[in-house]
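J.: Input: one structure, supplied below.
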Amino acid sequence: MKIPPVCMILAGGQGSRLNALAWHRAKPAVPFAGIHRLIDFTLSNSANSGILRIGVLTQYLPLSLMDHIGAGESWDMSARTRECRILPPNEGASAKDWYLGTAHAIATNSDFIQRGPENEILILSGDHIYHMDYREMIQFHREKKAHFTIATMPVPKEDAHRFGIAVVDDNNRVIQFQEKPEVPLGTLGSMGVYIADRDVTLSRINELVSQGKTDIGGDLVPSLIQDSRVFAFPFKGYWRDVGTLGSFWDCSMDLIKPELSGLDLQRWSMRTNLNSSEIYDRSPTSFGHNAQITESYISQGCRIEGRVHRSVLSPGVVVEKNAEVVDSVLFHDIRVCQGSKVFKTISDKFTVIGPGAVLKPSENDSVNTAFPDHLNSGIILLGNRSLVPENARVSGNCLVFPEVTESDWTSRILESGETLKNH
Amino acid sequence: MSKTILRARDTLGMILAGGRVNELAALTLHRPKSAVPFGGIYRVIDCALTNLSSTGVNRIGILSQYRPYSLMDHVRDGRYWDLHGFRRGISFLPPHTGESNSDWYKGTADALYQNIAFINHNKKALTLIVSGDHIYRMDYNPLFELHNRTGAEMTMAVTPVPIDSASHYGLAEIDADGFVTHYREKPAYPISSLASMTVYLFDTRVLIDELKKNAKSGKTFQIYDEILPGMVERKSVAAYCHNGYWAYSRSLDEYYQSNMDCLGKQPAADLTNWNLHTNHDSGRIGDHPPILTGTKTDIRNSIISQGCSINGLVHNSVLSPMVRIESGAEIHDSLILEGSVIKEESIIRRSIIDKNVVIGRNARVGKSSETGKEAEPNRNEPNLLHCGLTIIGKNTFVPENMKIGTNVIIFPDVQTRHFTGLCVSDGTTVFP
């Protein structure tokens, strides 16, 4: 096979709708499926597709993403002929200005791209959950002699306005492209996976950026359609964008029923960095005499002495006697103390839920007052290293800020939609 | 006379990992005892490797002999125990042809003798010889302290054992200064209840002298037999007593028990606090995913490794990675190794099931301890298997509806055609 494309993973999105989960880390570093982080999907797909060079573009450079990716060794991408690296922002640009748009981000890294012999660029997003062998799409792109190929999948009509919609002819050639249209002309949605002819694309992007046009879907694709060969590669399979807490929770629940949902990490040959969060050296999970565990997804290093139902647990979670965890997603090293009840909660790492505390949404919960767009489906969100004190009562759509301590709780009750900050 | 204070950094570690150990029967048919899986995700040799590396001994030779490939694959370059780098390293030392007719290692002393060049090459003032076959967690630094303080030529580790089983071990009597005054290997009448752990910290110079002497005049070429007694007589052996958990695991029952010792609220083999390091990679493309449980799951008092998929009952058991328990199956008091599948409605009791075994639907394997108490011992190997366990070897396929009794050994690679009828009675062995 000819040299595979150089891969650029756009991992710069703010992830603002993931709220506290994305305040202290880059969105692609958000934990998912117990032991993984969101970027593991695109990294594993790339490594498993024989890609040799990967650049990860991210706006924030927190330690956790750099630690997680390292030199790519966890995905077998650290070797003489393979590399995987984080591409830092340009010198002199402030964080707010650097990432003007997806096309602009590619353009500012043209030196990394052009350093290699590849003729094509594989452009991916770092926060999508899917399994794909890119070689099929690469072959399609080459057979069609395309300048630009967009991976597309069928989307439900009522969701079409959230996607880039491609209108194609019988040959899969894209004749029209609408970015998040109010009136969609079709139901083939762009997955944010592109293969681009290197020279054609880079020169077009430079032209567009000089006109202030910086977005791949909104600017580059419509421009290329006019005079270049743009094709749509049809994809079928599980694909999710976990941009909101609701979709994050839904996808986490999909892990529990892989045959029904199609989200089957075991079949996907997923790899992660087992050294980050010390996943590697944890002992196997132990279940006590009174453990009750059903329909859940449990990582190593947990100790379960209570009830866990329909939940996803990262490593190191302790569920004490008579505690219950239901419909929840708990990150690493959380302690759920005796007698507490945790329902429909997403919690970041190292939180402590005190004895007898009850976290439970109900029918009439109001949306979160401070963040109505983020917390409105009942989910309770606990920020990292926060504490819910003994016998506290927390209702749906509540948010507890990271690092909240006992003294920040002036009362033990959080009514629905309330936010508790630290003082 | 004052000696230099010698520490872990002045020490070469040598792990005795060669033995097959017949007593573990079908489990050691394709692997040495040190490579036998333990505690879900570990192998027995992880104890010696973790103990040495956490003590600070960074240069290690592994004396391997019997079928070493799974061991070599597991240990690789030592990186999982932080034993890979500029000033650290692991070397495998299988039998090799030397200057004259070199044979299989004849014994522990012979194995070391044949590797004197390796020992000299590393130029360490001390050599710490440990068995790779035992299950325990220990910091060896107290041995160094005792060794320096007493000026002994060799310091060994001993551990208390119950007096009624003491005759199975090498036993030491120790005086008030910490020196060994008497040593007897498996004596009919126990002289003490302190058993040798096969941990020997030698002055390298003395070790080499002793090995050379033994090579000339030895018969059994075992350290405990031909080197230790002489040194004890000239009062140059000190002994440090380790009071923590130590499992010799020499029989099927002991091996089974050492896994069960990992269970419970305060387990004797406290895996959570031992913090053993191991190699999680087996050349798979993906990592083990988290444990998946279903609507029929009932897990109590058990250890479940990552990658398991459990939709049945698992009580008082230890499961290695990627074990699948299908709907309605029940596992009681058992040990199941990597990748095995127990199909619907099967019931497994007091069994050790090796890797990649498939137990077909509605099978019955093993018996509970009450029912199995008076069962006939295994007819082929009555001394090895009489305690009411059922052993199923690697890669075996047990057809659906089979009934397999207790004290049964099913050899590795057995398939449907090797079974005669739907029942394997107590004490039977099935060969491929």
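The values are calculated or read from the model by the stated rules, or taken from the named source; none is laboratory data. Given the structure is predicted, the values throughout are model-derived calculations rather than measurements. In this analysis, Cβ positions are derived from the backbone assuming ideal geometry, glycine residues included, and neighbour counts consider all displayed protein chains. The area values use the complete protein model at the heavy-atom level, side chains included, leaving out ligands, DNA and RNA. Shrake-Rupley method; radii C 1.70, N 1.55, O 1.52, S 1.80 Å.
J.: With N residues in the range B:275-432, what two-decimal value do you get for its Cα radius of gyration over 2.2 N^0.38 Å?
T.: 1.01
J.: Right, next: At 7 Å along Cα-to-Cβ for each site, give me the label-to-label distance between residue A:421 and residue A:338 in nm.
T.: Output for this residue pair reads 3.7 nm.
J.: By accessible area of protein heavy atoms, probe 1.4 Å, what ranking do B:11, A:81, B:198 get, highest first?
T.: A:81, B:198, B:11
J.: Hey, which of these cross-link pairs are over 19 Å Cα-Cα: A:180/A:213; B:106/B:355; B:123/B:212?
T.: B:106/B:355, as the Cα separations exceed 19 Å there.
J.: Only four residue types carry charge here, +1 at the Cβ of Lys and Arg and -1 at the Cβ of Asp and Glu. Report the dipole size of the range A:231-311 about the Cα centre in Debye, rounded to the nearest 20.
T.: Computed about the Cα centre, the dipole is about 80 debye.
J.: 7 Å from Cα along Cα→Cβ at both residue B:177 and residue A:16: what's the point-to-point distance in nm?
T.: 7.9
J.: For residue A:3 and residue B:209, what does the FRET efficiency come to when R0 = 51 Å and r is the distance between their Cβ atoms, rounded to the nearest 0.05?
T.: Calculated value: 0.25.
J.: Right, another one. Collect residues whose amide H, placed 1.01 Å from N in the peptide plane, falls under 5 Å from the amide H of residue A:357; neighbours closer than 5 in sequence don't count.
T.: A:340, A:341, A:391, A:392
J.: Further question: How big is the accessible area of residue B:250 in square angstrom, nearest 10, if you roll a 1.4 angstrom probe over the protein chains?
T.: Roll a 1.4 Å probe over it and residue B:250 shows about 90 Å².
J.: If you take the charge dipole of the range B:261-303 about its Cα centre, with +1 on Lys and Arg Cβ and -1 on Asp and Glu Cβ, which of B:301, B:272, B:289 is farthest toward its positive end?
T.: B:301
J.: Setting aside same-chain residues fewer than 8 positions from residue B:235, which aspartates and glutamates have a Cα under 20 Å from its Cα?
T.: The reachable aspartates and glutamates, counting only those whose Cα sits under 20 Å from residue B:235, are B:145, B:153, B:173, B:175, B:177, B:185, B:203, B:209, B:210, B:225, B:226.
J.: For chain A, go through all pairs of different Cα atoms, get the mean of 1/r, take its inverse, and jot down that Kirkwood value in Å.
T.: By the Kirkwood definition, the hydrodynamic radius is 22.6 Å.
J.: For the range A:247-386, build the charge dipole from Cβ charges (+1 Lys, Arg; -1 Asp, Glu) around the Cα centre, then report which of A:380, A:330, A:255 sits farthest towards its positive end.
T.: Sorting the options by dipole projection puts first A:330.
J.: Checking the cross-link filter: which lysines have an alpha carbon closer than 25 Å to that of residue A:344, excluding same-chain neighbours under 8 positions apart?
T.: A:27, A:257, A:321, A:360, A:421, B:296
J.: Using +1 on the beta carbon of Lys and Arg, -1 on that of Asp and Glu, and nothing else charged, what's the dipole of the range A:299-421 about the Cα centre, debye to 20?
T.: Approximately 340 debye in magnitude.
J.: Give me P(r) over the range B:1-71, computed from all C-alpha to C-alpha distances, binned every 5 Å, as integer percentages.
T.: Going from the shortest bin to the longest, the percentages are 3, 16, 21, 20, 15, 10, 6, 4, 3, 2, 0.
J.: Under a point spin-label approximation (7 Å from Cα along Cα-to-Cβ), what is the residue B:163-residue A:289 distance to one decimal in nm?
T.: Simple spin-label model gives 3.1 nm for this pair.
J.: In vacuo Debye scattering of the range B:54-146, one point per C-alpha: log10 I(q)/I(0) at q = 0.18 Å⁻¹?
T.: So the normalised log intensities are -0.99.
J.: Shifting gears a bit: Using the Cα centre of the protein assembly as shown as origin and beta-carbon charges of +1 (Lys, Arg) and -1 (Asp, Glu), tell me which of A:59, B:147, B:117 is placed farthest towards the positive end of the dipole.
T.: With unit charges placed on the Cβ atoms, the residue in question is B:117.
J.: Can you give me the solvent accessible area of residue B:80 with a 1.4 Å probe, rounded to the nearest 10 Å²?
T.: Using a 1.4 Å probe on the heavy atoms, I get roughly 40 Å².
J.: What percent do you get for the relative contact order of the range B:10-126 when only Cα pairs under 8 Å and 6+ apart count?
T.: 29
J.: May I pose another question? With chain B treated as a Gaussian network of Cα nodes joined by springs under 10 Å, which of B:410, B:304, B:227 yields the largest mean-square fluctuation?
T.: Among B:410, B:304, B:227, the largest mean-square fluctuation in the Gaussian network model of chain B belongs to B:227.
J.: Express in nm, to one decimal, how much length is gained between residue A:206 and residue A:228 on full extension, taking 0.36 nm for each residue of separation and deducting their alpha carbon distance.
T.: Fully extending the segment from residue A:206 to residue A:228 adds 6.3 nm.
J.: Using a 1.4 Å probe, how large is the accessible area of residue B:280, given in Å² and rounded to the nearest 10?
T.: Using a 1.4 Å probe on the heavy atoms, I get roughly 20 Å².
J.: Right, here's the next one. Excluding residues fewer than 8 places away in the same chain, name every one of the aspartates and glutamates whose C-alpha is closer than 14 Å to that of residue A:157.
T.: In chain and number order, the partners are A:182.
J.: Could you give log10 I(q)/I(0) at q = 0.10, 0.15, 0.19, 0.20 Å⁻¹ for the range B:189-328, computed by the Debye formula over C-alpha point scatterers of equal weight, without solvent?
T.: Taking Cα atoms of the range B:189-328 as identical point scatterers yields -0.60, -0.92, -1.19, -1.26.
J.: Let me ask something additional. Using the Kirkwood formula over every pair of different C-alpha atoms, what hydrodynamic radius in Å results for the protein assembly as shown?
T.: 30.1
J.: Sticking with this structure for a sec: Quick one: dipole size for the range A:266-370, taken about the Cα centre, charges +1 on Lys/Arg Cβ and -1 on Asp/Glu Cβ, in debye to the nearest 20.
T.: It comes to approximately 180 debye.
J.: Ordering B:164, A:127 from largest to smallest accessible area (1.4 angstrom probe), what's the sequence?
T.: Listed by decreasing accessible area, they come as B:164, A:127.
J.: Would you rank B:277, B:288 by solvent-accessible area, highest first, keeping every protein chain in place and using a 1.4 Å probe?
T.: Solvent-accessible surface, decreasing: B:277, B:288.
J.: Follow-up. Which FRET efficiency, nearest 0.05, do residue A:159 and residue A:63 yield, Cβ-Cβ r, R0 30 Å?
T.: Efficiency, from the Cβ-Cβ distance: 0.25.
J.: Compute the distance from the alpha-carbon center of the range B:223-293 to that of the range B:295-362, in whole Å.
T.: Using only Cα atoms, the two centres lie 24 Å from each other.
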